[in-house]
Amino acid sequence: MIPSSPISALSLGPLTIHFYALCILSGIAVAMWWATKRWEKRGGDGDTFFDIIFVAIIAGIVGSRIWHVLTSPAPFFGPDGDPLAVLYIWQGGLAIYGGVAGGALAVWFMARHKGVSFTALADTVAPTLLIAQVLGRFGNWFNQELYGPALDAWWAWDVTCVTNGQTIGGCVPGTYHPTFLYEQLWNLAALAVLLLLSRRYQWAGGRIFWVYVALYSTGRAWIDAIRSEPVLMIGPLRIHTLVAILMALVGVAMFVYLTRRKQRRGGEVVAADGSFEMPAQTAGNGPDEDEDEKSGTPPSAAADPSPGP
């Protein structure tokens, strides 16, 4: 049985360190380190990438919080709600779809500002988002949140509803489905599949990003369907479940569309500058992941005339 953490924060004098925030920050740090390596292998500049991702992280956090508040408004604007709690992100409540949407808009804007390929950026960060999500979900364990229905099994999560010596409001002690763990395991499996298939079939041109969307959303759809925290309902479905189903379908459709576009155009964006071939290998500058991940298409010195998502 999975135990609960007895603490979710550590006080050092006037400073309170929230473990949820540390988990989110650790996920961001690991993802950014890995994504920078991937970007440099595409011929991109690390400093430029940092500028882009720094803005995207801020936009992603804001977007994820806005989406959470809009889809779960009761704790903030309900009869007993606290509007100021909108600012208390360390208590949990960051929705991944809002984060991806906010971050993607920021990346698109910054890519145009910096003169680099938005398509290549999307493919670069897609796998790293999964590892960030895996690490970030540990924050839900510390906060004793995001669990499913009651469960009597060896892998059940024993939720005590007590943290830092205080009872968590609205929490009922018991053993539940550890949906945070289900999502972590799904994301790890999705990461392995995404890296394996993208290397094997030399995906690029935005297709890596949309496969990420499809894989993550497929898992999120069934995992979210058994989560028990209150959320906005659309008919019989939780809004997150409905959005996940729609995004899984969009991910598949976009992958098919981009695959056909590659065939029509005779290539797809691979490099940071929007060209259809990787930069020549030099010290510290080689193709993405390994030599097999080149697009396998005829070289093109021109930038992508119509970069995809």
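Here the sum of -39500 (n - 2.57) over DSSP H runs of 4 or more residues, divided by the residues of the chain, equals -18000 deg cm²/dmol at 222 nm, to the nearest 500.
Restricting to DSSP loop positions (anything but H, G, I, E, B) with no more than 14 other Cβ atoms inside 10 Å of their own Cβ, which chymotrypsin sites (Phe, Trp or Tyr not before Pro) remain in the stretch 196-228?
Hits after loop and neighbour filter: Y201.
Between the stretch 86-155 and the stretch 14-85, what's the alpha-carbon centroid distance in Å? The stretch 86-155 and the stretch 14-85 have Cα centres separated by 7 Å. A cysteine counts as unpartnered when no other cysteine's C-beta lies under 4.7 Å of its own; in the chain this applies to C23.
Taking a ≥ b ≥ c as the square roots of the Cα gyration tensor eigenvalues, with a/c under 1.5 meaning rounded and otherwise prolate when a/b beats b/c, else oblate, which class fits the chain? The shape class here is prolate. For the pair the stretch 248-281 and the stretch 173-202, the centres of their Cα atoms are 25 angstrom apart.
Laboratory data are not the source of any read-out in this text; all were calculated from the coordinates shown. A quick note: this is a predicted structure, and the numbers were derived from the prediction, not measured. No Cβ is skipped: glycine too gets one built from the backbone with ideal geometry, and neighbour counts run over all protein chains shown.
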